[in-house]
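The values are calculated or read from the model by the stated rules, or taken from the named source; none is laboratory data. Given the structure is predicted, the values throughout are model-derived calculations rather than measurements. Because the Cβ atoms are built from the backbone with ideal geometry, glycine has one as well, and the counts that use them run over all protein chains shown. The area values use the complete protein model at the heavy-atom level, side chains included, leaving out ligands, DNA and RNA. Shrake-Rupley method; radii C 1.70, N 1.55, O 1.52, S 1.80 Å.
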Protein chains: 2
Amino acid sequence: MKTSVRHLYAKYEEYKDKDITLFGWVRSNRAQKSFGFINLNDGTYFETIQVVYDTELANFKDTQKIRVGASLRVKGDIVITPDRPQPFEIKAKEVELIGDSEEDYPIQPKRHSREFLRKNAHLRPRTNLFTAVFRVRSLLTQAIHNFFQERDFVHLTSPIITASDAEGAGEMFQVTTLDMEALKKEKGPIDYSKDFFGKKASLTVSGQLQAEVFAQAFRDVYTFGPTFRAEQSHTMTHVSELWMIEPEIAFADLKDDMDLAEEMVRYIIKHILDNAPKEMAFFDKFVEKGLIKKLEKVSNESFKRMTHKEAIDVLKDAKASFENKPSYDKDLATEHEKYLVKHFDGPVFVTDWPKDIKAFYMRLNDDQKTVAAMDLLVPGAGELIGGSQREERLDVLKSRMKEMNVDEEELWWYLDLRRYGSTPHAGYGLGFARMLMYLTGVENIRDVIPFPRTPNNCDF
Amino acid sequence: MKTSVRHLYAKYEEYKDKDITLFGWVRSNRAQKSFGFINLNDGTYFETIQVVYDTELANFKDTQKIRVGASLRVKGDIVITPDRPQPFEIKAKEVELIGDSEEDYPIQPKRHSREFLRKNAHLRPRTNLFTAVFRVRSLLTQAIHNFFQERDFVHLTSPIITASDAEGAGEMFQVTTLDMEALKKEKGPIDYSKDFFGKKASLTVSGQLQAEVFAQAFRDVYTFGPTFRAEQSHTMTHVSELWMIEPEIAFADLKDDMDLAEEMVRYIIKHILDNAPKEMAFFDKFVEKGLIKKLEKVSNESFKRMTHKEAIDVLKDAKASFENKPSYDKDLATEHEKYLVKHFDGPVFVTDWPKDIKAFYMRLNDDQKTVAAMDLLVPGAGELIGGSQREERLDVLKSRMKEMNVDEEELWWYLDLRRYGSTPHAGYGLGFARMLMYLTGVENIRDVIPFPRTPNNCDF
């Protein structure tokens with residue numbers, strides 16, 4: 001096993017005055033006349049290690065010329081340095097250049113614009129900001145799996161390619177193996193029986209309906225996979241390819257659903273604060289001042305819960321002047337969401353929404369006007385989670401589908417779930433990238449996804 | 001928190017003679033004249049709980065009529081039953097029907113064909129076989145994340161939609177928002193500048209190239225996401241939508257790559273045997289006799305390692321007669337793979353393959369004829385893992401790309417990785433479903449995927 005910078009930071013005292021060999025990349029090289037300092041990062045840890053070299057080195061002159069971005073092997077002693085900001089450094093005995101870095105290396109030790117770094121998405125993980133973002137992203141993945149698996153939830157993968165457009169969450173990408181150029185020469189309508197799946201197929205917008213299938217067998221389940229939106233959105237919070245977490249719980253109602261969401265958010269925050277202290281300190285200092293305090297507060301308080309009607313009442317009573325008039329029949333505008341989380345100084349669940357602005361599968365409340373839906377609004381990221389209790393009554397579901405023009409035949413299997421051992425059940429969707437924005441303070445969704453897909457952008 | 005069958009099996013002694021409430025689905029209901037037995041499964045555990053009811057029940061007559069598949073709430077006492085196969089049962093005080101099951105419920109307590117169950121993929125998770133398969137699937141997901149995260153690997157999501165076809169692993173699905181019917185009326189070639197991404201886009205066949213980007217920043221990384229094949233394959237081991245795990249390690253060679261793969265396979269087997277004993281016993285009994293012994297053996301022995309040339313030598317010396325003649329220039333046929341794993345009685349790494357049958361990114365060996373590639377062959381599942389050391393030398397990579405007609409301009413960013421701090425690095429791909437087949441003994445890949453996609457099949 002190779003050693004790592006992470007390991008050395010945890011155990012450097014054990015290596016005092018011992019020989020170690022380290023591999024990594026040069027973040028900076030400050031060469032003086034008779035000595036020099038290389039900051040080496042090996043990708044395993046946020047911090048670099050300072051390598052000190054001097055004329056005792058056989059290749060001292062070559063080492064002085066080593067450029068930023070180059071990869072090295074360094075052999076040397078660990079020297080404890082109580083008087084420096086870093087607790088130890090390496091006194092080099094050997095420095096070997098493994099992979100040179102050409103002079104035009106774009107990632108120099110200076111401030112680069114986010115836009116510039118997006119164009120160099122293949123190199124940006126080498127910067128402090130993106131090292132931190134993508135490590136927290138990885139920890140977030142693990143936190144989510146841990147949370148659900150510790151609670152015996154069964155993970156499923158929902159299909160990515162679907163022949164259904166019933167979810168109706170927006171525009172879809174078509175998936176085909178038909179030769180489009182050849183099609184142009186054929187007469188008559190397109191014959192989808194010749195397409196790969198024998199019918200028209202698209203990329204899924206949600207794994208929820210399939211998660212419901214599994215919840216009706218395993219009780220507590222979750223998906224964690226990519227979903228797609230073909231909308232021409234050019235905002236800071238929309239991308240075309242987004243990973244979602246969609247838990248689904250049987251024998252459960254909207255309150256259970258909110259309890260689960262709240263517990264999950266707390267768990268995630270704690271996991272990230274515990275496991276990425278360096279990265280979180282960096283975000284707190286350079287990206288969103290007060291981030292850690294905000295997250296600690298959220299992880300220690302109960303989330304406010306109110307109905308859509310109550311939320312509108314609050315907005316109507318507000319002294320603020322809104323561009324969009326709050327209405328009992330309508331969705332909340334972004335300005336309303338912002339007002340609410342500010343007013344209540346923390347996350348807010350808004351429940352029981354007007355049925356006409358929500359999906360067909362949400363459970364109709366006894367008032368016949370609202371559905372048992374919930375949105376979780378959080379400071380800074382707007383709607384983080386959207387969920388609902390699902391309509392488990394076959395007759396009500398069918399009449400809602402008719403009302404909303406959802407094809408019964410296509411969803412025969414979904415209806416079957418209500419024919420054979422139906423249960424009250426509920427679930428929600430969490431946008432993975434949104435959660436990451438909330439945790440890091442990074443404001444543009446393109447900066448929390450390794451290689452984001454947006455209109456006219458499919459690079460790398 | 002609701003209690004669960006899993007919890008009760010672990011702690012039933014603590015609940016002795018205590019009142020508990022349980023929710024679940026009826027697997028069977030054997031009604032006698034003055035009493036009856038319901039086997040209740042709540043999805044949290046492989047085993048059912050036996051609920052005993054008698055005429056003391058207010059709704060005894062209705063309870064007798066409860067059908068298979070119905071969902072119930074049961075309140076009763078835990079009674080310890082040392083003389084029965086199951087260690088405890090519930091003496092019912094209340095049985096409430098929550099969701100009825102219509103008479104034509106397809107999943108009756110009898111043997112159903114796999115084909116029938118594939119057509120009822122929305123109900124098959126309620127059978128013993130698929131309860132076991134999909135729980136092990138979920139545990140396998142967690143095992144894989146645990147393995148890599150415990151070793152500080154950074155997880156990344158590679159993009160699903162790609163404008164590159166450089167990987168060349170086979171036929172691709174096209175992704176488009178162009179109105180195909182409208183296109184037919186337009187003259188001239190298709191104008192992809194009007195498509196969503198401003199160019200022709202497809203579903204990815206591999207996340208490896210992007211994983212290499214991250215390995216050159218984080219050293220040790222892995223992807224875990226869906227990939228796609230648009231081939232017209234109708235075999236037991238091919239699907240169109242498949243999840244893959246692709247680790248990538250920097251400052252590492254082919255030996256390190258094999259060490260990692262071997263360690264991972266062992267870890268996974270141990271995790272599954274430890275965490276799914278009931279399910280594994282079921283597979284061992286009903287799906288593949290000797291499965292557990294096979295897996296235990298694999299997890300305790302070193303894997304055999306040999307070059308492609310050595311493997312061909314073994315095959316040439318074999319007394320077996322092959323349909324395909326073993327050749328130093330060619331790929332191994334399935335019959336060859338089978339022979340090798342049988343001959344060596346366990347998993348075999350075959351390394352150093354002829355360059356002409358392998359991908360452009362694999363590192364050219366000093367003989368100029370072979371590349372530093374490896375396939376891991378295992379008994380029962382054939383090729384489980386395929387990997388290689390990557391070509392880190394810019395000039396060699398470029399000449400290999402030219403030889404194999406891979407567009408340099410399209411992969412400018414991939415080449416950049418060799419310009420700025422290139423390192424020896426390696427990685428591999430593990431097919432998630434293949435691994436699951438190997439662990440469960442299930443022979444058809446359609447039976448280890450919740451909703452598989454194959455030619456002419458995009459149901460659910």
Original post:
Taking region B:28-41, which residues are within 14 Å of chain A (Cβ to nearest Cβ) and closer than 20 Å to B:I80 by Cβ?
Top reply: B:I38, B:N39, B:L40
Subject >> region A:66-75, residues that are assigned to a strand (DSSP E or B), within 22 Å of A:P109 (Cβ to Cβ) and not polar (S, T, N, Q) >> reply: A:L72, A:R73, A:V74
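Residues are listed down the side, and each one gets a yes or a no for (1) modelled with pLDDT under 95; (2) polar (S, T, N, Q); (3) more than 18 Å from B:L384 (Cβ to Cβ):
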residue: B:A261; (1), (2), (3): no, no, no
residue: B:R266; (1), (2), (3): no, no, no
residue: B:H271; (1), (2), (3): no, no, no
residue: B:N275; (1), (2), (3): no, yes, yes
residue: B:F282; (1), (2), (3): no, no, yes
residue: B:E288; (1), (2), (3): no, no, no
residue: B:K297; (1), (2), (3): yes, no, no
**OP:** Go over the candidates A:G380, A:G429, A:G441 one by one and state the one that is within 30 Å of A:H112 (Cβ to Cβ) and crowded, with 18+ Cβ neighbours inside 10 Å.
**Re:** A:G441
Original post:
If a residue has to be open to solvent by 10 Å² or more (accessible area, probe 1.4 Å) and within 17 Å of B:S422 (Cβ to Cβ) to count, how many in region A:106-123 make the cut?
Top reply: 3
Subject >> Condition met for B:E89 (in a strand (DSSP E or B), of a type outside the set (A, V, I, L, M), in contact (Cβ under 8 Å) with a residue 12 or more places away in the chain and surrounded by 18 or more Cβ atoms within 10 Å (Cβ to Cβ)) >> reply: yes
Subject >> Members of region A:432-447 that are within 13 Å of chain B (Cβ to nearest Cβ) and either over 20 Å from B:F197 (Cβ atoms) or more than 12 Å from the chain's Cα centre (by Cα) (or both) >> reply: A:F432, A:L436
Original post:
Can you pull out the residues in region B:51-65 that are buried (at least 21 other Cβ atoms within 10 Å of the Cβ) and either touching a residue at least 40 places away in the same chain (Cβ under 8 Å) or assigned to a strand (DSSP E or B) (or both)?
Top reply: B:V51, B:Y53
Subject >> Lone qualifier among A:E102, A:E56 - being out of contact with any Ser or Thr (no Cβ under 9 Å at 6 or more places or on another chain) and within 14 Å of another protein chain (Cβ to nearest Cβ) >> reply: A:E102
Subject >> Residue, farthest from B:D42 (Cα to Cα), within region B:124-144, restricted to residues that are open to solvent by less than 10 Å² (accessible area, probe 1.4 Å) and in contact with a strand residue (DSSP E or B) (Cβ under 7 Å, 6 or more places away or on another chain) >> reply: B:I144
Subject >> Residue in region B:178-192 that is within 30 Å of B:I357 (Cα to Cα) and more than 7 Å from chain A (Cβ to nearest Cβ) present >> reply: no
Subject >> Flag for A:T157 being more than 30 Å from A:D17 (Cα to Cα), open to solvent by 10 Å² or more (accessible area, probe 1.4 Å) and at pLDDT 95 or above >> reply: yes
**OP:** Assess whether B:L72 counts as being of a type in the set (A, V, I, L, M), at the interface with chain A (Cβ under 10 Å from one of its Cβ atoms) and over 19 Å from the mean Cα position of the chain (by Cα).
**Re:** yes
Original post:
In this structure, is A:V378 within 27 Å of the chain's Cα centre (by Cα), at pLDDT below 95, assigned by TED's automatic domain parsing to the domain that holds A:E403 and among the hydrophobic types (A, V, I, L, M, F, W, C)?
Top reply: yes
**OP:** From A:R118, A:R114, grab the single residue that is touching a Lys or Arg at 6+ places or on another chain (Cβ under 7 Å), among the charged types (D, E, K, R), more than 10 Å from chain B (Cβ to nearest Cβ) and touching a residue at least 40 places away in the same chain (Cβ under 8 Å).
**Re:** A:R118
Subject >> Number of the exception - A:Y45 against (1) exposed (fewer than 15 other Cβ atoms within 10 Å of the Cβ); (2) of a type in the set (F, W, Y); (3) within 27 Å of B:R151 (Cα to Cα) >> reply: (1)
Original post:
Looking at region B:311-327, is at least one residue open to solvent by less than 90 Å² (accessible area, probe 1.4 Å), modelled with pLDDT of 95 or more, assigned by TED's automatic domain parsing to the domain that holds B:I268 and within 28 Å of the chain's Cα centre (by Cα)?
Top reply: yes
Original post:
Consider B:F130 against the criteria (1) of a type outside the set (K, R); (2) assigned to a loop (DSSP other than H, G, I, E, B); (3) over 19 Å from A:A143 (Cβ atoms): it satisfies all of them except one. Which criterion is unmet?
Top reply: (2)
**OP:** Among what's in region B:210-267 and is on the phi < 0 side of the Ramachandran plot and among the basic types (K, R), pick the residue that is most open to solvent (accessible area, probe 1.4 Å).
**Re:** B:K255
**OP:** Can you run down the residue pairs with Cβ atoms below 6 Å, 6 or more apart or on separate chains, where the first is in region A:276-297 and among the acidic types (D, E) and in a helix (DSSP H, G or I) and the partner is open to solvent by less than 50 Å² (accessible area, probe 1.4 Å) and modelled with pLDDT of 95 or more?
**Re:** A:E279/A:F46; A:E279/A:A132; A:E279/A:R135; A:E279/A:V136; A:D284/A:L291; A:D284/A:I292
**OP:** Select the strands (runs of 3 or more DSSP E) contained entirely in region B:135-236, then report the ones holding at least 3 residues which are of a type in the set (V, I, T) and not assigned by TED's automatic domain parsing to the domain that holds B:Y428.
**Re:** B:220-228
Original post:
So is A:V136 more than 7 Å from chain B (Cβ to nearest Cβ) and out of contact with any helix residue (DSSP H, G or I) (no Cβ under 9 Å at 6 or more places or on another chain) or not?
Top reply: no
**OP:** Collect the residues in region A:237-260 that are more than 9 Å from chain B (Cβ to nearest Cβ), among the aliphatic types (A, V, I, L, M) and either assigned to a helix (DSSP H, G or I) or more than 19 Å from the chain's Cα centre (by Cα) (or both), keeping them in residue-number order.
**Re:** A:I249, A:L254, A:M258, A:L260
Subject >> Matching option when the condition is touching a Lys or Arg at 6+ places or on another chain (Cβ under 8 Å), modelled with pLDDT of 95 or more, not acidic (D, E) and not in a strand (DSSP E or B), among B:F23, B:F37, B:F46 >> reply: B:F46
**OP:** Pull up region B:392-419, narrow it to residues that are within 14 Å of another protein chain (Cβ to nearest Cβ) and in contact (Cβ under 8 Å) with a residue 40 or more places away in the chain, then point me to the one that is surrounded by the fewest Cβ atoms within 10 Å (Cβ to Cβ).
**Re:** B:E410
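Residue by residue, here is whether (1) within 11 Å of B:V95 (Cβ to Cβ); (2) in contact (Cβ under 8 Å) with a residue 24 or more places away in the chain; (3) away from every other protein chain (no Cβ under 13 Å) holds:
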{"position": "B:Y15", "(1), (2), (3)": "no, yes, yes"}
{"position": "B:F23", "(1), (2), (3)": "no, yes, no"}
{"position": "B:V26", "(1), (2), (3)": "yes, yes, no"}
{"position": "B:F46", "(1), (2), (3)": "no, yes, no"}
